[in-house]
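> Before I ask anything, let me first share the structure, which is written out below as structure tokens.
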Amino acid sequence: MNILRTIRVSLRALNRNKMRSFLTALGIIIGVGAVIAMVSIGQGAKSGIEQKFEAMGTNLLFVQPGSRSYKGRHGGGGTYANLTPDDAKAILEKADAVQYISPSVSARAQVIYGNKNWNTSIQGVGEKYPEIRNWEVEDGIFFDEIMVKSGQKVCVLGSEVNENLFEGADPIGQIIRIKKIPFRVIGVLKSKGESGGWFSRDDMIAVPYTTAQKRIIGRSDRINSIDVSAVSADRTAEATAQIEEIMRIRHKIAPGAEDDFHVRNMSDVAESFAESTKILTILLGGIASISLLVGGIGIMNIMLVSVTERIREIGIRMSVGAREKDILFQFLTEAIVLSVMGGILGILLGTGSSKLISHFSGMTTLVSIGSILLAFIFSASVGIFFGFYPARKASKLDPIEALRYE
């Protein structure tokens, strides 16, 4: 039988029951649409996380305090304040895989300008903080080494703090009060947005860490952490090893003893998040694929009904010369046409749903060509798999019994 003729016959057969054909394909439409929408959410989450880590820099390292035991009680990581500015200086001088360092302290405080006030994060950092964090200054300047060493009362505003305190007015040169201490605004950082959906990175004020230690925290011999930028992403492992060796020597840690500090590598963290989002994407796609299975069962059910309804037609076709494989191919074509048409409409539904989800929820979604092709191939495979049994049943009918069927 001619393939094009078979397709035309199949289309005419499906056209005779438009509503039933549409409802049969609806399971495939919803299944394909759900797969594309769910996978786009997972891929969008992965892309968003990768962009955030890329903006931070994959050559970024953090040296943080470790833990210690006291009278049988073991504190968690970060409970032991044992890092000093001299540790940061030693790392910069002795680790050739390290490019920049920035000692870091932090606190929260109420900030006042005129009759406006705002509670925000105060980050005491070094002069290389923008280079380490890939954070550009939008207006004004960042404080330099001299300002840090002399502990000057200057600050650089995050964009959210700038908006809330100055509401579009020029902040450069203005005086704000942090814990009632006057600070001169010398710059404004570019907006970076939210960090993982939990807090805004722009809701902060950067001040020299020496100033924060003396004026805001009141403790000048300890720092919370050390931000480190490796020479390149390829040398982060080397930089980590050098930092660990330097810190163990400085802190007089015996061979085999537990470190009293941690070195976190952002490349490892980025890979961990990427793996998590990959698993999430597979999970979402797998759950959505169940609806494709249900749609396939619907196709099988309707095709079996169609075979029963058209037994006399099958008998007539066989009596005028149609072979088993012609009948098989005809009914299999009908099932494939249903699933392929459902797949095409499902692709449109899934793509549109992804855009609507992104528009109304603010979530990042990413529809890839790979997910579209996968969903389309899977829908066609569903038609072949679930349409084969009804088609084979039709082809195996006895022509004489089929003609007698009422």
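Throughout, read-outs are computed from the coordinates displayed, never taken from laboratory work. The structure displayed is predicted, hence computed values, not measured ones. A quick note on method: Cβ atoms are made from the backbone with ideal geometry, for glycine too, and the neighbour counts reach across all protein chains shown.
> How high is the FRET efficiency between ALA169 and GLU238 when r is their beta carbon distance and R₀ equals 60 Å, given to the nearest 0.05?
On the way: r = 47 Å, r/R0 = 0.78.
E between ALA169 and GLU238, to the nearest 0.05, is 0.80.
> Something else: Let's see if you can work this out: charge +1 on each Lys and Arg Cβ, -1 on each Asp and Glu Cβ, no other charges. What is the dipole magnitude of the chain about its Cα centre, in debye to the nearest 20? Spell out each step's value before the answer.
Details: 46 positive and 40 negative charges, 271 e Å.
Dipole size: approximately 1300 debye.
> Going by amide H atoms built from the backbone, whose H comes under 5 Å of the H on ALA109, apart from near neighbours?
THR120, ILE122
> Based on alpha-carbon centroids, what's the gap between region 301-371 and region 1-45 in Å, whole number please?
If you average the Cα positions of each part, the centres end up 3 Å apart.
> Further question on the same structure: What length, rounded to one decimal in nm, is gained on full extension from LYS18 through to VAL231, with 0.36 nm per residue of separation minus their alpha-carbon distance? Could you put the intermediate results ahead of the total?
Working: separation 213, 0.36 × 213 = 76.68 nm, distance 6.59 nm.
Difference between extended and current length: 70.1 nm.
> With the cut-off at 25 Å, tell me which of the pairs LYS89/LYS153; LYS89/LYS192; LYS116/LYS179; LYS46/LYS128; LYS116/LYS180 have Cα atoms farther apart than that.
Numbers: LYS89/LYS153 22 Å; LYS89/LYS192 28 Å; LYS116/LYS179 14 Å; LYS46/LYS128 29 Å; LYS116/LYS180 13 Å.
Violating the 25 Å Cα-Cα cut-off are LYS89/LYS192; LYS46/LYS128.
> Want the number for GLU245 to ILE3: 0.36 nm per residue separation, take away the alpha-carbon distance, what's left?
Using 0.36 nm per residue and subtracting the Cα-Cα distance, I get 79.8 nm.
> Additional query: Net charge around GLY187, counting only other residues with Cβ within less than 9 Å of its Cβ (Lys, Arg = +1; Asp, Glu = -1)? Mind showing how you got there, number by number?
Working: positive: none; negative: GLU138, ASP139.
So the environment of GLY187 carries a net charge of -2.
> Sum up the charges of everything whose Cβ sits under 13 Å from the Cβ of LEU328, counting Lys and Arg as +1 and Asp and Glu as -1, but leave LEU328 out. It would help to have the intermediate numbers written out before the result.
Details: positive: ARG317, ARG323, LYS325, ARG392, LYS393, LYS396; negative: GLU324, ASP326, GLU334.
Overall, the nearby charge balance is +3.
> Between ARG392 and VAL137, how high is the FRET efficiency from 1/(1 + (r/R0)^6) when r is the Cβ-Cβ distance and R₀ = 51 Å? Nearest 0.05. Intermediate values should be presented prior to the final figure.
Numbers: r = 72 Å, r/R0 = 1.41.
After rounding, the FRET efficiency stands at 0.10.
> Straight-line reach from LYS393: which aspartates and glutamates have Cα under 20 Å away, leaving out those fewer than 8 places along the same chain?
GLU309, GLU313, GLU324, ASP326, GLU334, GLU401, GLU406
> Give the label of the value calculated from the structure for Rg and Dmax of the Cα atoms in Å, choosing from (i) 20.5, 60; (ii) 21.6, 79; (iii) 33.2, 105.
Read-out taken from this structure: (iii).
> Further question: With Cβ to Cβ distances under 10 Å as the rule, what net charge do the other residues near PHE142 carry (K, R +1; D, E -1)?
Working: positive: LYS128; negative: GLU127, GLU131, GLU136, ASP144.
After counting each charged neighbour, the total is -3.
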